[in-house]
Amino acid sequence: MRPRGNEFGVFRKNIRGTGIFYYWVYDETGKRKFRTTGKRNFNDAVRYCRSLLLKGLLYNGTSLSFGSFTKDFFDYDICPYIQYRLLRGYTYGRPWAKRQKMLLDKIIRPYFDKRDIRSITTSEIDNFILSLKKEKGQKTLNHIITVLKDIFQYAVNNNIIELNPCNRLKPFRIPLKEKGILSQEELALLFSEKNWINIWPNKMHYCINILASKSGMRLGELLALQPQDIREGLIIVSHSYNNLDGLKATKTGKTRHIPIDKKLEAMLLELYQGKQNDEFIFSTRNSQRPIDHKTVYKWFWSALEKIGINKAERDRRNISFHSYRHGVNTMLLEAGIPPETIRLIMGHSPSMTAHYSHVQVQNILSATERSDASEQNLYTPSYIRILVNIGVLLPDGKTVTKSLDDVALAMQEQNVQPTEILLRRLFLNRNGEPYSSKACRKAVISANDNK
């Protein structure tokens, strides 16, 4: 395939050891101008040039620098990309936009600022990302790739470039560190009715933490609670809150109902006594704004210190406020609650396969709080029964007959995500002992690799 007439010419150029095809075209003064096609194959380069020619984009005498194109990017109220998404019904949070803008302004723009956005290649972006590897973590590098991908995709959508040069970039693999959870003994120390005054600074911080530990609500959802969200024996979770967005929809955009016991309901009633329906329950002087999430964390860390969990131990176990949520999720799995029901209770994003009434959910949650071991056995998870039937567990539902890797993989096939904590708490080896953290971690990795 060859160019026709004098429309353009295509030639190969070595860039850092890689052959990339460029094209030349005449400007209005008769001078040759050069642009990259980003292609490594001659025929692909010619097709690319002809597609640009048909769109009138083969040559544009006006330079379009990366800096000028991204001038308003991720400035929430005027960013064209954010407005494009919002107008089509997608969500875009201000905290996320703020983080994107910081990466763009401090790291990306200084490198590409003067470059014509139409000439930036995949290999150039890849080299830029790799040059940051010594000073930036893999999570940050993946975020930078996401920022660039969004920018170039917007340029594609507006016919400024033909292809997104970031599409072929591979994100860095990040080993996930499992979120730790608090034991029942540690929760008892944190929320002792006799000793809570020595653990927490006041009733409000005691209440927000014990509510998190029993409901699994996200911190933003707790901060968003208003008197109108509390009904008899029930919390309606329909909002979340952060300092930049203010009051907004939940993470999934859906409303869910969570039952609470009489003690928690009375505690919440005491906190919002005298407040208007649209004021915030977890607030101090100004009920128009909830307490800051940093304050919640400050007293959460302090309470953990008082029961013997210092910073080093927190880091080792990966404990955070979100651990409450993971703890509730683990408790429901152990109690045999179907994964679809857990998604309903916890507000996870996957679509539900069935709908449950408030009364049914309340019965499920109360069943998980029974202290009688014989009654607890009545709630053997259905996936455990399946593991027994296929022979990876003995009839006791705990002792592993083969390897823990087989158990983790079988759980995953039943739509139950195996975690290190869940495996340690549920299963025993043939000697009747729990598996080590190392063995559980290996089993989780093995199951994930076999997805």
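Please treat every number below as a calculation from the coordinates, not as lab data. Since the model is a prediction, treat every value here as computed from it, not as a measurement. Methodologically, a virtual Cβ is constructed for each residue, glycine included, from the backbone with ideal geometry; neighbour enumeration extends over all protein chains shown.
Miscellaneous remarks
- Percent of beta bridges antiparallel (DSSP, the chain, rounded to nearest 5): 95 percent
- Estimated FRET transfer efficiency when R0 is 60 angstrom, pair residue 195-residue 159 (beta carbons, to 0.05): 0.35
- Karplus-derived 3J(HN,Hα) values for region 388-395, using 6.51 cos²θ - 1.76 cosθ + 1.60 with θ = phi - 60°, are 5, 5, 8, x, 8, 10, 6, x Hz; glycine and proline are entered as x.
- Compared with the direct C-alpha span, the chain from residue 252 to residue 87 gains 57.6 nm at full extension, assuming 0.36 nm per residue.
- Full-stretch length increase - residue 71, residue 284 - with 0.36 nm per residue and alpha-carbon distance subtracted: 72.7 nm
- Positive-end ranking of 432, 284, 84 along the dipole of the chain, with charges on Cβ about the Cα centre, is headed by 84.
- Proxy reagent accessibility, fewest Cβ within 10 Å first, across 191, 112: 191, 112
- Spatial offset of region 121-141 relative to region 35-88 amounts to 22 Å, using the alpha carbon center of each.
- Proximity of backbone amide H atoms, modeled 1.01 Å from N, is registered between residue 240 and 248, 249, 250 at under 5 Å, excluding neighbours fewer than 5 places apart on the same chain.
- Zone residues, region 147-190, relative to residue 51, backbone N less than 19 Å from point 7 Å out along Cα-to-Cβ: 149-169
- Under 13 Å, Cβ to Cβ, from residue 150 - net charge with Lys/Arg +1 and Asp/Glu -1: +4
- Contact order relative to length of the chain, as percent, for alpha carbon pairs under 8 angstrom and 6 or more apart: 9 percent
- In this structure, residue 305 and residue 401 have a Cβ-Cβ separation that, at R0 = 45 Å, corresponds to a calculated FRET efficiency of about 0.55.
- If R0 equals 45 Å, the separation of the Cβ atoms of residue 394 and residue 113 corresponds to a calculated FRET efficiency of about 0.10.
- Cα gyration tensor of the chain - equivalent ellipsoid semi-axes, whole Å, descending: 52, 30, 20
- Here the simple spin-label model places points 7 Å from the Cα toward Cβ, and for residue 27 and residue 322 these points are separated by 5.0 nm.
- Cα-derived Rg over Rh, computed across region 380-451 with Rh taken as Kirkwood radius: 0.91
- In terms of overall dimensions, the C-alpha atoms belonging to region 9-55 reach 33, 21, 12 Å along their principal axes, ordered largest to smallest.
- Which listed pairs, of 139/402; 248/298; 33/170; 194/294; 71/139; 248/294, have C-alpha distances above 30 Å, in listed order: 139/402; 33/170
- Pairs from 133/442; 306/398; 179/262; 136/438; 134/177 whose Cα-Cα separation, in the structure shown, is over 24 Å: 133/442; 306/398; 179/262; 136/438
- Volume in Å³ per residue [convex hull over Cα atoms, computed for region 184-326]: 117 Å³
- In percent, rounded to a whole number, the relative contact order of region 218-276 is 32, using alpha-carbon pairs under 8 Å and six or more apart.
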